[in-house]
1. For segment 40-140, take the alpha-carbon Rg, divide it by the Kirkwood Rh, and send me Rg/Rh.
2. Which is farthest toward the positive dipole end of segment 40-140 among HIS111, PRO94, VAL49, measuring Cα position about the Cα centre, with Cβ charges +1 (Lys, Arg) and -1 (Asp, Glu)?
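No lab work stands behind these numbers, since they all come straight from the coordinates. Everything numeric here is computed off the predicted structure, so don't read it as measured data. All Cβ positions, even for glycine, are placed from backbone atoms using ideal geometry, and neighbour counts span all protein chains on display.
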Amino acid sequence: MKRSPLLRRTPLRASSPRLASRAPAVRKPRKRSKRKPPTRAEKEHMDQVAALGCLACRLDGFPGTPAELHHSRLRPDGTAYGAGCRASHFEVIPLDPIHHRGGAKGIPSRHLAEADFTARYGDDLVLLAHVHRLLSLEEVS
């Protein structure tokens, strides 16, 4: 059985008045992040902090675990940052992925089990004080 080609019942218009008056589609600009990219000094500081290794593992007696950086949620005066405000790049804490984002049973993480994490290791201000003390000890050596 041979198929016949589809036939259009209404003829195509050369140009539609509705389409001719419509302006060409313009792409909306991408939303940019409110956070400014880190400066050279901030990058150097973050590299030094990441080189310390996970602070929670260090406090547990396992120094040298590779770390990612957690930006503090507390201001230096102890109040919490609002939803639209972020800590500076100088207020970072080195944590390994399990202590930072979670993923292992029995190990408290900063984002999944915040109450357990702060009970065991302290809040962000205590951990920031540890970081600054460790950095000052490295500068002396």
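1. Numbers: Rg = 13.0 Å, Rh = 13.8 Å.
Taking Rh as the inverse mean 1/r over Cα pairs, Rg/Rh reads 0.95.
2. Most positive-ward Cα: HIS111.
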